Amino acid sequence: MNTKDPYLQSLLEKLDSTDTCEREHACLHLREYAVDEARAALAACLEDPDKGIRELAAESLSSMKGHETASILTCLLGSEDIVTRNLAAEILYKIGDDSVSALLRSLTDSDKDTRKFSADILSLIGSREAVPGLIDALQDDSGNVVCSAVEALGNIADPDAVSALISVIETNESAKAQAAEALGKIGDREAFDVLVKNISHEDCVIRFAAIEALGNMQSAEAVPRLKSKLDTADGATRDMIYNALIKIASKSGRSILEDLPVSQFRSCLFRSLEGDDKNSCLFAIRELAHWQGEDVVSHLLSVLDSDDEDVRTASIEALRQNAVSAVNVISDALESNSPRFLIDVLDTISYTNNAGFARHVGSLSEHEDPEVREAAARTLGKIGDRGSIGILTKLATDEIGHVRAVALKALGWVGDESEVDQLILGLDDPYPDVQEAAMGAMVLIGGQRVIERFREDLVHPNSRRQRLAVLALGWIGEEQVIGPLISALEHPEWEVRRGAIESLARIANQKAIEPIEHALDDGEQQVRKAAVDGLVALQGKDAGNQIARLLDDPDVWVRFHVINVLGSVGAVSATESLVQMLNDENDIIRVATAKALSLLGAKQAVPWLRAILSDDNPDVVDAASKAVEEIERSS
Amino acid sequence: MEINSIINEDYTTFQLEGRLDLNSSSEVKQRVKGSLDDGAINVILDLSNVEFINSSGLGTLVSILKDVRMVQGKLVLCCLAQYVQEIFEITQLSHIFEIFQSEEEAAASMVGGYVNASK
């Protein structure tokens with residue numbers, strides 16, 4: 001009698017269909033059945049002539065996971081069909097830890113290829129659970145299996161394997177190099193002597209592996225042993241030793257390298273830039289940052305287009321330090337076709353402050369990529385050479401707003417009053433960023449012409465220009481802007497009036513006190529609040545009595561602001577006025593007042609604070625209660 | 001403006017206090033220039049107690065930067081108050097000055113590297 005789930009049965013039958021769609025459907029849905037029959041059927045599909053079916057079966061098996069799936073798949077590792085075998089290996093790797101026990105069993109399979117592939121997959125999975133089985137596999141009759149087991153033990157890097165690997169080095173000539181490499185990855189001190197012994201091995205493959213292993217171990221203990229071989233070693237071995245020393249230095253510090261011959265050491269640093277070891281590469285970059293010369297700069301430029309962000313950043317940093325030693329090399333690099341590379345080189349140049357680059361940088365002012373033109377403008381600004389003014393002026397009319405903005409900023413850094421006309425044009429630019437850049441540059445240059453321009457702009461038809469002007473006058477901050485700013489307190493735009501108060505407060509000239517006091521009566525509440533802040537900025541708590549008159553302000557937020565300011569500046573003289581505010585009809589005013597009185601430590605306010613402990617609003621009661629507590633505690 | 005200078009082995013720190021404007025600018029510039037003439041190369045300007053700075057003050061800082069560059073030295077600023085930071089943003093001067101949060105960081109930037117250029 002057939003006891004199978006009918007749907008499972010139909011899926012299994014569909015796998016025999018000649019219709020690919022039916023087989024696909026079956027492969028997709030069999031994954032829902034965690035039974036051996038489904039697993040075996042899917043495993044068989046790995047040999048399907050249709051690639052899509054094979055991949056779908058592999059996907060289903062990967063999703064099923066489990067020891068049972070792994071057991072079935074290990075049977076396919078001995079398949080003569082390479083596609084099937086590789087698919088099985090890939091799924092076993094994806095299944096991960098659940099595959100380990102099945103793979104360990106396969107390590108003793110009668111088929112040597114199955115044993116080798118099992119060791120390879122265990123190497124990729126990297127589970128320590130596999131170590132004893134892999135150690136046993138070191139005795140395998142097949143040299144390939146032994147090599148795979150050695151490599152797997154190196155990748156798993158379990159110190160428990162060290163003794164067995166040392167034994168391989170000492171007894172198995174064909175796996176000696178792999179064993180040395182594996183011991184280098186494990187990095188255990190126990191392997192040190194056997195590795196040192198092999199750095200003079202007659203077979204260069206073994207010799208190189210031992211030297212590389214000592215480098216990978218990054219133990220400073222190996223340094224004298226490695227250095228002692230430098231005099232007698234051939235060129236290739238010396239290079240290996242240098243590379244190993246650089247790896248060790250990347251962990252132990254550069255001092256171990258100080259007594260090495262310069263030319264070869266430099267060559268090895270260059271080679272480390274090209275190698276696969278990221279730490280050695282970064283070490284070499286940082287080391288080369290302190291060397292000078294065209295060859296150093298050329299090599300550092302060669303890693304500037306690395307895909308690794310750390311390497312790129314380190315090379316930019318290094319080039320910043322020594323670019324000036326190779327103006328020609330750096331300038332030649334500006335002929336690159338890569339915008340990103342060019343921007344990095346420009347960034348490097350901008351830190352040199354060297355006018356020698358200006359002409360070459362200027363040649364990029366017509367580059368097709370606007371980001372390059374922008375970087376060129378920024379770099380010219382940072383270099384600060386007045387010879388670049390013409391190019392910056394041209395870039396200030398670039399078709400791209402960002403470029404214009406940066407060029408105007410740069411004109412501010414490099415230029416003087418001769419550039420003011422160009423900057424004024426920037427104020428008329430349609431882009432706010434460009435207008436602000438022009439304003440910033442004009443503030444930086446300053447002078448009578450700039451002040452006059454902003455003074456005129458206070459009545460400019462465009463209100464944004466008026467606001468920029470009043471801000472700019474504040475930043476310029478000279479005596480002669482006080483008058484125009486005081487006049488601006490009568491400006492019809494409230495934002496200009498507010499800006500004028502902020503600017504006057506910033507300049508902190510006593511002439512501004514009286515006009516700002518008048519602004520306490522301004523029709524716009526934002527201006528009245530700014531006047532409160534301005535008077536406090538100019539007079540501190542002495543402004544208390546002046547601003548306290550706004551406690552009667554019809555706008556609740558003005559009253560709220562004044563109360564907070566009085567409390568925070570410690571305007572004790574305003575206590576009596578503040579106490580009256582405890583009776584304000586607005587809850588937030590009563591709360592703010594209680595807090596302000598608390599900040600002032602106003603003992604005389606305590607009876608009034610107690611009086612509102614029966615307030616209808618719990619927030620008011622809470623604030624009053626805390627204020628009483630705080631005042632009594634501090635007295 | 002109060003100007004206090006502290007000479008270290010690798011750099012000279014100038015602690016400025018007060019308003020850096022037209023009135024005080026020339027004094028600051030002369031003090032730093034005098035120090036460069038006496039052999040100083042690297043300069044830290046500690047602005048923690050600068051309560052006001054305007055166009056003239058900024059222009060002076062840029063001018064000092066050029067003087068320091070002339071002697072192949074390094075100028076860094078530290079401890080900018082909020083107000084001073086704002087004007088540095090407006091003028092984008094933060095792009096051309098090296099600025100540090102604390103004097104310790106500024107000092108570290110002066111002595112951080114080793115020079116092995118002769119190799």
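Each reported figure results from applying straightforward, stated rules to the coordinates on display, with no laboratory input. Since the model is a prediction, treat every value here as computed from it, not as a measurement. As a convention, Cβ positions derive from the backbone with ideal geometry for all residues, glycine included, and neighbour counts pool all protein chains shown.
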Checklist entry - Taking Cα pairs under 8 Å and at least six residues apart, what relative contact order does chain A come out at, in percent? => result 4
Item to check | Peptide-level mean, for A:436-448, of C-beta atoms on other protein chains within 10 Å | outcome: 4
Next on the checklist: When a/c reaches 1.5 or more, the comparison of a/b and b/c decides; with that in mind, is the range A:232-283 rounded, prolate or oblate per its Cα gyration tensor?
Outcome noted: oblate
Item to check | Straight-distance crosslink candidates among lysines, where the alpha carbon sits under 27 Å from A:K65 and sequence neighbours closer than 8 are dropped | outcome: A:K4, A:K14, A:K51, A:K94, A:K112, A:K116
Item to check | 27 Å Cα-Cα reach of A:K247 towards lysines, excluding residues that sit fewer than 8 places from it in its own chain | outcome: A:K176, A:K185, A:K197, A:K227, A:K229, A:K278, B:K119
Next on the checklist: Along each principal axis of its Cα atoms, how long is the range A:200-248 end to end? Whole angstroms, biggest number first, please.
Outcome noted: 24, 19, 14
Checklist outcome for this item: Rounded to two decimals, the Rg over Rh value of chain A from Cα coordinates and the Kirkwood Rh reads 1.20
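What is the packing order of peptides A:627-634, A:380-387, taking the mean over residues of other C-beta atoms within 10 Å and listing the highest first?
Most protected by this proxy first, the peptides run A:380-387, A:627-634.
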Next on the checklist: Return the equivalent ellipsoid semi-axes of the range A:470-582 as a descending list in whole Å, where each equals the square root of 5 times an eigenvalue of the C-alpha gyration tensor.
Outcome noted: 25, 15, 9
Checklist entry - Over the Cα atoms of the range A:155-218, how large are the radius of gyration and the largest Cα-Cα distance (Dmax), in Å? => result 10.0, 29
Checklist entry - For the range B:28-93 and the range A:113-130, what is the separation of their Cα centres, given in Å? => result 64
Checklist entry - Taking every DSSP beta bridge that has both residues in the range B:2-104, what percent is antiparallel when rounded to the nearest 5? => result 30
Next on the checklist: Give me, ordered by chain and number, the residues 5 or more places off B:L75 or on other chains with an amide H under 5 Å from its own placed amide H.
Outcome noted: B:V43
Checklist entry - When only C-alpha pairs under 8 Å and at least 6 residues apart count, what is the relative contact order of the range B:2-104, in percent? => result 27
Item to check | Among B:13-25, A:306-318, the order from most to least packed when residues are scored by Cβ within 10 Å on average | outcome: B:13-25, A:306-318
Checklist outcome for this item: Taking a ≥ b ≥ c as the square roots of the eigenvalues of the Cα gyration tensor, with a/c under 1.5 meaning rounded and otherwise prolate when a/b exceeds b/c and oblate if not, the range A:25-109 is oblate
Checklist entry - To the nearest whole number, what is the average tally of beta carbon atoms from other chains within 10 Å of the beta carbons of peptide B:52-59? => result 6
Item to check | For the range A:141-295, convex hull of alpha carbons as volume per residue, Å³ | outcome: 108
Checklist entry - Roughly how many Å is it from the Cα centre of the range A:578-606 to that of the range A:526-568, as a whole number? => result 15
Checklist entry - So what is the relative contact order of the range A:503-628, in percent, for Cα pairs below 8 Å that sit 6 or more residues apart? => result 17
Item to check | Inter-chain shielding of A:474-483 (mean C-beta neighbours from other protein chains, 10 Å cut-off) | outcome: 4
Checklist entry - Between A:I72, A:I513, A:C27, whose Cα lies farthest towards the positive end of the dipole of chain A when Lys and Arg beta carbons carry +1 and Asp and Glu beta carbons carry -1, centred on the Cα centre? => result A:I513
Checklist entry - lysines near A:K394 by alpha-carbon distance under 22 Å, same-chain residues fewer than 8 away left out - which ones? => result A:K382, A:K409
Checklist entry - In whole Å and largest first, what semi-axes does the C-alpha gyration tensor of the range A:542-622 yield when each eigenvalue is scaled by 5 and square-rooted? => result 19, 15, 9
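Can you pull the semi-axes for the range A:371-521, root of five times each eigenvalue of the Cα gyration tensor, sorted largest first, whole Å? Write out the running numbers ahead of the final one.
On the way: eigenvalues 195, 46, 24 Å².
For the range A:371-521, the ellipsoid semi-axes come out as 31, 15, 11 Å.
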Checklist entry - Cα centroid distance between the range A:343-389 and the range A:297-323, in Å? => result 18
Checklist outcome for this item: Residues A:V562, B:V28 in order from fewest to most other beta-carbon atoms within 10 Å are B:V28, A:V562
Checklist entry - Using the Kirkwood radius built from alpha carbon pairs, what does the Stokes-Einstein equation give as D for the range A:334-445 at 10 °C and 1.306 mPa s, in µm² per second? => result 118
Checklist entry - Sorting A:C204, B:C79, A:C27, A:C21 on the 10 Å Cβ count, fewest up front, what's the list? => result A:C21, A:C204, B:C79, A:C27
Checklist outcome for this item: Spelling it out for B:I53: with amide H atoms placed in the peptide plane at 1.01 Å from N, the residues 5 or more places away or on another chain with amide H under 5 Å from its amide H are B:L20
Item to check | Rg ratio (alpha-carbon, reference 2.2 N^0.38 Å) - the range B:1-109 | outcome: 0.95
